[in-house]
Amino acid sequence: MEHIVIIGNGISGITAARHIRKLSDKKITVISAESEYFFSRTALMYVYMGHMTFSHTQPYENWFWTKNNITLKKAYVQAVDTDNKTLHFSDDSPLRYDKLIIASGSKPNKFGWPGEHLKGVQGLYSKPDLELLEINAPNNKICKRAVIVGGGLIGIELAEMLSSRQIPVTFLVRESSFWNNVLPENDSQLVTEHIKNHHIDLRLSSNLKEIKSDDHGKVKSIVIEETGEEIPCNFVGLTAGVSPNINFLKSSKINTNKGVVVNRFLETNIEDVYAIGDCAEQLEPIGNRRSIEAVWYTGRMMGEVIAQTICIQKMPYQPSHWFNSAKFFDIEYQTYGWVNNEKNKPECESHFHWKDKDHLKCITIAYNKNTNAFLGINAFGIRLRHETFETWLNEGRDVDYVINHLEEANFDPEFSKTYHPKIQNAYNRQLQHEL
Amino acid sequence: MSTEKQISMSLAKPESTGLSLTQKVALGLGLAGLFILMLAGFNTYFPNKGLFLTLSLVCIATGTIIFSNALYLNKSKGIKNDGVWFKSISSRGTLGWITGVFLTGFYIILYFYPEYLGLGISGNSNSGLIALFDPLSKLLNGNPASQWFVYGTLYTLAILIFGYKFILKYRHNRYQQLRTISVMFFQLGFAFLIPEFMSRLNQSTEYNLPYYDLKSMWPLNYYLFDSWSVNGLLSSGNLGLAMLIFGILSIFVISPILTYKYGKRWYCSWVCGCGGLAETVGDPFRQLSSKKQSAWKIERWLIHTVLVFSVIMTIAVIYSYLDKNPSNYWLSSKAFLMGSGLLLTLLFSVVILFKRHELGKDARYGAIDYFIIILSLFILYVTGTSEQIFLIKPSSLRSAYGFYIGSIFSGVIGTGFYPILGNRVWCRFGCPMAAVLGFQQRLFSKFRITTNGGQCISCGNCSTYCEMGIDVRAYAQKGENIVRSSCVGCGICSAVCPRGVLKLENSSMKGRINANEILLGNDVNLIDLLTKK
């Protein structure tokens with residue numbers, strides 16, 4: 001029986017395993033050094049905040065794996081010998097595979113800041129990171145102030161987590177407004193304002209110069225590059241993005257760049273070795289997508305596709321329209337299609353923006369100003385229906401159509417206030433203004 | 001290392017701020033109100049009962065209101081679940097267990113030893129706690145209080161003040177606010193005030209109305225067809241008759257129509273008193289329900305057993321009632337049995353004929369239910385007399401049901417165990433009404449919880465906060481709609497979802513149950529390929 005070995009039990013690896021099991025009775029082994037069972041990484045924050053216990057983050061009960069004949073192995077892969085199709089572990093006998101799927105995920109970026117290895121300095125990505133956070137910042141007696149470096153999605157989640165335990169947070173963000181390297185200015189402003197309303201000491205256009213140590217090798221303070229200001233703190237969260245977790249492949253013959261290089265079929269340069277999820281780097285980016293997509297959804301999709309390739313027929317990874325979501329404190333964010341920020345948007349991309357007077361809801365719709373074609377939407381504080389936007393994007397609807405049919409796409413709970421009339425009015429006023 | 005263990009053993013509590021001064025004062029006020037009740041319970045003499053009762057209830061109410069204001073109004077609108085699993089009361093900690101033991105004890109005394117609450121036995125006047133409520137009872141219905149009046153008053157008060165707290169907690173979500181206002185209204189009006197006024201009518205000789213909460217339907221209201229209830233209603237003129245007809249209509253007409261249009265939530269989380277208490281007082285305990293598959297199995301067996309028991313018990317009670325009074329009614333006891341059997345057979349055949357593929361494995365449960373009931377009807381037909389059914393007295397069957405299901409299950413376990421098993425133990429494992437409505441919701445209703453394409457991140461907030469123990473995430477992460485008979489449509493899964501994935505909807509029956517191989521957002525051709533297969 002063919003033996004499929006999957007390195008990594010995150011959403012990519014587990015989706016692959018589940019779908020391979022659905023489609024075949026091949027032997028499946030999933031290896032992870034991080035945790036015994038699959039858990040939802042995106043839910044780690046809720047464990048720290050006391051919304052859930054760790055066991056709630058596990059989508060399948062423990063019996064599920066035996067019942068579906070998926071072998072779980074808790075071990076750290078030290079080397080991959082593709083010539084002999086063998087994996088080597090730090091403290092276990094080697095394992096033979098017939099097909100190997102690498103789904104080893106990401107690790108937090110560190111940029112060689114002075115003091116980045118001090119006690120009390122950490123990233124937030126894995127289960128061990130969460131456990132470390134519980135030691136470094138259990139409450140505001142032990143952690144009187146926390147500094148977060150890096151204004152991305154993990155940074156703002158960490159800020160929310162720490163403030164749920166009333167720990168004062170200083171948030172260093174390189175950009176001039178929160179996440180405006182991705183979001184258009186107006187959207188970014190809304191989130192920036194919301195962060196400040198949650199009493200976060202937000203420092204924009206600020207970089208980390210160094211982390212200073214006390215006499216016991218523990219963080220004492222940080223220094224801001226631009227102003228030279230020194231901020232005393234007991235904890236530093238490094239959340240300046242993630243990169244593929246592939247150090248264990250360096251000695252192998254598998255071709256790597258930033259990530260494991262794969263073609264559209266998620267195949268590496270070595271036969272019978274595939275890579276999916278955060279650690280995979282597309283040889284050629286697909287459409288507007290980045291060559292490395294460190295997103296929950298794309299990891300899952302690659303897992304779905306690779307199972308087809310391994311069990312049925314060779315399938316390219318060909319995702320449909322881009323979508324994503326996040327939550328910034330109390331504001332939910334959903335996006336469908338492409339809405340570029342000012343710096344990245346092509347000349348023909350125009351934006352319509354509407355903001356509610358409470359400054360907790362807004363939308364930005366991107367369209368082609370020459371053809372009026374709808375390109376994408378960012379929604380903050382308003383839930384939208386994925387299926388409707390997938391359909392509209394497939395049908396190539398124009399921006400007028402989308403604005404006039406926004407009600408159909410609403411996904412807010414029943415009896416919620418509706419915003420589409422206000423949005424339509426604002427849109428019509430803007431049109432008249434332009435005429 | 002287990003994170004959970006570390007937290008619960010940590011001396012430095014994550015919730016380091018504790019209670020604010022306002023909250024402490026409010027807590028003190030509420031406890032003072034309870035203290036008056038307690039003193040009354042220990043037979044302390046109060047010169048002016050009306051004054052002290054008012055004082056006590058006002059203290060409890062204002063204490064809770066001030067506490068809730070201090071808890072939520074200074075925070076931004078949004079999900080307020082910080083620290084739920086760190087707090088002793090809401091995570092089966094010491095406080096949780098103490099509360100559970102206290103509540104259970106209260107229910108045992110209430111149901112089985114009301115004399116300890118001060119109920120006047122054999123013509124004696126009330127004393128203690130129950131006597132304290134005499135002035136209010138006399139004001140409303142003209143009679144001294146009973147243990148049920150005390151319980152009803154406190155129950156209603158609890159729904160009102162904790163309903164207020166719930167509305168503040170979810171003040172960003174109008175669905176939550178509206179349904180809470182609804183349960184508060186139905187509890188105060190239908191379950192509390194109207195029955196009290198009805199019993200005032202009984203002062204006239206023309207009326208002999210039994211206690212009747214109009215919104216409480218059979219089989220939840222299992223005593224509707226007891227002889228005292230039927231006799232009472234039938235001897236109360238047109239009003240009594242109208243109420244009996246309304247009771248029958250609400251089971252066979254009103255409830256099926258509403259459940260078809262809105263799902264069982266119209267009842268369970270908008271109207272029902274048990275649901276009302278669970279959603280308000282019980283809200284801090286919703287995360288304690290078990291999501292294990294094994295719990296789901298127990299749930300299905302238990303709730304079907306109770307349903308079958310209640311159907312057989314009711315039919316037997318009506319049968320013996322008709323048998324005893326053969327000349328009073330046009331319906332003979334044997335004809336009634338035949339009619340019930342035919343109706344059930346018709347229902348069962350229709351379901352199996354049209355819905356068997358939707359029912360799948362659950363068809364087995366339905367079939368077993370059906371055959372047990374039919375078998376019982378047959379035995380009843382052959383051996384039953386007005387004095388003896390199933391070799392026992394009909395009244396013993398009825399009192400066994402009242403004792404084990406009505407008191408022990410719905411009261412002592414259903415509410416007493418809130419802090420241990422979650423706030424919907426009765427609704428999930430025991431309520432026969434929930435079973436009937438759930439059956440219809442699963443097979444013939446426009447209601448579902450829609451999953452938003454591929455947006456689920458499997459975080460598990462929905463499953464954690466589902467009071468009915470449904471593993472909502474298991475569906476959401478597959479892009480499947482949630483169509484479950486147990487879902488009471490409280491809408492909390494949708495509220496706590498951080499990514500806007502879940503929406504309660506009433507829409508067309510077609511495509512309501514959608515099993516997906518691959519989620520929306522992936523290769524369109526691949527999805528097509530698999531759908532065609």
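Residues in region A:204-228 that are among the polar types (S, T, N, Q) and in a loop (DSSP other than H, G, I, E, B): A:205, A:206, A:207, A:227.
Whether a residue is open to solvent by 80 Å² or more (accessible area, probe 1.4 Å), in contact (Cβ under 8 Å) with a residue 24 or more places away in the chain, over 27 Å from the mean Cα position of the chain (by Cα) and under 25 Å from residue B:235 (Cα atoms) was assessed, and residue B:334 does not pass this test. Figure legend. Inter-residue proximity from region A:29-43: first residues within 13 Å of chain B (Cβ to nearest Cβ), second residues assigned to a loop (DSSP other than H, G, I, E, B) and surrounded by 23 or more Cβ atoms within 10 Å (Cβ to Cβ), beta-carbon distance below 6 Å, spacing 6+ or different chains. Indicated pairs: A:38/A:9; A:40/B:458; A:40/B:459; A:42/B:457; A:42/B:459; A:43/B:459; A:43/B:460. Is there a residue being more than 27 Å from residue B:476 (Cβ to Cβ) and in contact (Cβ under 8 Å) with a residue 12 or more places away in the chain anywhere in region A:318-339? Checking region A:318-339: not a single residue is more than 27 Å from residue B:476 (Cβ to Cβ) and in contact (Cβ under 8 Å) with a residue 12 or more places away in the chain. What are the residues in region A:90-143 that are within 11 Å of chain B (Cβ to nearest Cβ) and open to solvent by 20 Å² or more (accessible area, probe 1.4 Å), if any? Once the filter is applied, which keeps residues that are within 11 Å of chain B (Cβ to nearest Cβ) and open to solvent by 20 Å² or more (accessible area, probe 1.4 Å), region A:90-143 yields A:127, A:128, A:131, A:132, A:135, A:140, A:141, A:142. What are the pairs, 6+ residues apart or on separate chains, where a residue within region B:71-93 that is over 19 Å from residue B:22 (Cβ atoms) has its Cβ under 6 Å from a residue that is β-branched (Val, Ile, Thr) and open to solvent by 40 Å² or more (accessible area, probe 1.4 Å)? From region B:71-93, the pairs are B:88/B:94.
For region A:377-399, taking the residues that are closer than 15 Å to residue A:354 by Cβ and of a type outside the set (A, V, I, L, M, F, W, C), the one that is least open to solvent (accessible area, probe 1.4 Å) is identified as A:378. Any idea which residue in region A:147-172 is surrounded by the fewest Cβ atoms within 10 Å (Cβ to Cβ), counting only those that are away from every other protein chain (no Cβ under 14 Å) and more than 18 Å from the chain's Cα centre (by Cα)? My answer is A:170. For region B:355-410, a residue qualifies if it is open to solvent by 70 Å² or more (accessible area, probe 1.4 Å) and among the basic types (Lys, Arg), and the qualifying residues are B:356, B:361, B:364, B:393. Residue count for region B:318-331 under the criterion of being within 18 Å of residue B:219 (Cβ to Cβ) and open to solvent by 20 Å² or more (accessible area, probe 1.4 Å): the result is 2.
Looking across region B:28-53 at every residue that is open to solvent by 80 Å² or more (accessible area, probe 1.4 Å) and in a helix (DSSP H, G or I), the one that is farthest from residue B:109 (Cα to Cα) is identified as B:51. Pairing residues of region A:285-299 that are free of Cβ contacts under 8 Å to residues at least 24 places away in the same chain and not assigned by TED's automatic domain parsing to the domain that holds residue A:338 with residues that are open to solvent by 30 Å² or more (accessible area, probe 1.4 Å) and of a type in the set (S, T, N, Q), at Cβ distances under 7 Å and at least 6 apart in sequence or on separate chains, gives A:285/A:291. For the residues A:43, A:33, the requirement of being among the hydrophobic types (A, V, I, L, M, F, W, C), surrounded by fewer than 23 Cβ atoms within 10 Å (Cβ to Cβ) and within 30 Å of residue A:138 (Cα to Cα) singles out A:33. Which residues, counting only those in region B:476-533, are within 12 Å of chain A (Cβ to nearest Cβ), within 26 Å of the chain's Cα centre (by Cα) and part of a loop (DSSP other than H, G, I, E, B)? Within region B:476-533, B:481, B:489, B:490, B:491, B:497, B:507 meet the criteria.
Looking at this structure, is residue A:54 surrounded by 16 or more Cβ atoms within 10 Å (Cβ to Cβ) and away from chain B (no Cβ under 14 Å)? Answer is no for this residue. Within region B:245-265, the set of residues being touching a residue at least 40 places away in the same chain (Cβ under 8 Å) and either aromatic (Phe, Trp, Tyr) or assigned to a helix (DSSP H, G or I) (or both) comprises B:255, B:256, B:259, B:260, B:261, B:262, B:265.
Does region B:506-518 contain at least one residue that is surrounded by 23 or more Cβ atoms within 10 Å (Cβ to Cβ) and of a type outside the set (Asp, Glu)? Within region B:506-518, one or more residues are surrounded by 23 or more Cβ atoms within 10 Å (Cβ to Cβ) and of a type outside the set (Asp, Glu). For residue B:221, work out the one condition from (1) open to solvent by less than 40 Å² (accessible area, probe 1.4 Å); (2) outside any loop (DSSP other than H, G, I, E, B) it doesn't fulfil. Evaluating residue B:221 over (1) open to solvent by less than 40 Å² (accessible area, probe 1.4 Å); (2) outside any loop (DSSP other than H, G, I, E, B) leaves (2) as the failure. The residue that is farthest from residue A:383 (Cα to Cα), among those in region A:337-360 that are over 20 Å from the mean Cα position of the chain (by Cα) and open to solvent by less than 50 Å² (accessible area, probe 1.4 Å), is A:348. With the condition kept exactly as written, say whether any residue in region A:188-196 is farther than 30 Å from residue A:260 by Cα, open to solvent by 50 Å² or more (accessible area, probe 1.4 Å) and of a type in the set (Val, Ile, Thr). No, region A:188-196 has no match at all.
Only a single criterion out of (1) within 13 Å of chain A (Cβ to nearest Cβ); (2) at pLDDT 95 or above is not satisfied by residue B:12, namely (2).
Within region B:443-455, the set of residues being surrounded by 24 or more Cβ atoms within 10 Å (Cβ to Cβ), more than 9 Å from chain A (Cβ to nearest Cβ) and in a loop (DSSP other than H, G, I, E, B) comprises just one member, B:445.
A quick yes/no check of all residues on (1) aliphatic (A, V, I, L, M); (2) part of a helix (DSSP H, G or I); (3) surrounded by fewer than 21 Cβ atoms within 10 Å (Cβ to Cβ):
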position: A:291; (1), (2), (3): no, no, yes
position: A:303; (1), (2), (3): no, yes, no
position: A:313; (1), (2), (3): no, no, yes
position: A:316; (1), (2), (3): no, no, yes
position: A:335; (1), (2), (3): no, no, no
position: A:365; (1), (2), (3): yes, no, no
position: A:370; (1), (2), (3): no, no, yes
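When restricted to residues that are buried (at least 16 other Cβ atoms within 10 Å of the Cβ), of a type outside the set (Val, Ile, Thr) and under 15 Å from residue B:444 (Cβ atoms), region B:341-354 contains 1. Of all the criteria given as (1) within 28 Å of residue A:333 (Cβ to Cβ); (2) modelled with pLDDT of 95 or more; (3) touching a helix residue (DSSP H, G or I) at 6+ places or on another chain (Cβ under 7 Å), the one not satisfied by residue B:499 is (3).
Among the residues of region B:54-67, those that are among the hydroxyl-bearing types (Ser, Thr, Tyr) and crowded, with 19+ Cβ neighbours inside 10 Å comprise B:56, B:64. Against the conditions (1) closer than 20 Å to residue B:67 by Cα; (2) in a helix (DSSP H, G or I); (3) in contact (Cβ under 8 Å) with a residue 60 or more places away in the chain, residue B:186 satisfies every one except (1). Would you confirm whether any residue within region A:412-420 is within 21 Å of residue A:320 (Cα to Cα) and open to solvent by 60 Å² or more (accessible area, probe 1.4 Å)? No, the conditions are met nowhere in region A:412-420.
The values are calculated or read from the model by the stated rules, or taken from the named source; none is laboratory data. Computed from a prediction, not measured in an experiment: that's the story for all the values here. Glycine gets a Cβ as well: all are built from the backbone with ideal geometry, and neighbour counts include every protein chain shown. For the accessible areas, the whole protein counts, side chains as well, though only heavy atoms, and no ligand, DNA or RNA atoms are used. Shrake-Rupley method; radii C 1.70, N 1.55, O 1.52, S 1.80 Å.
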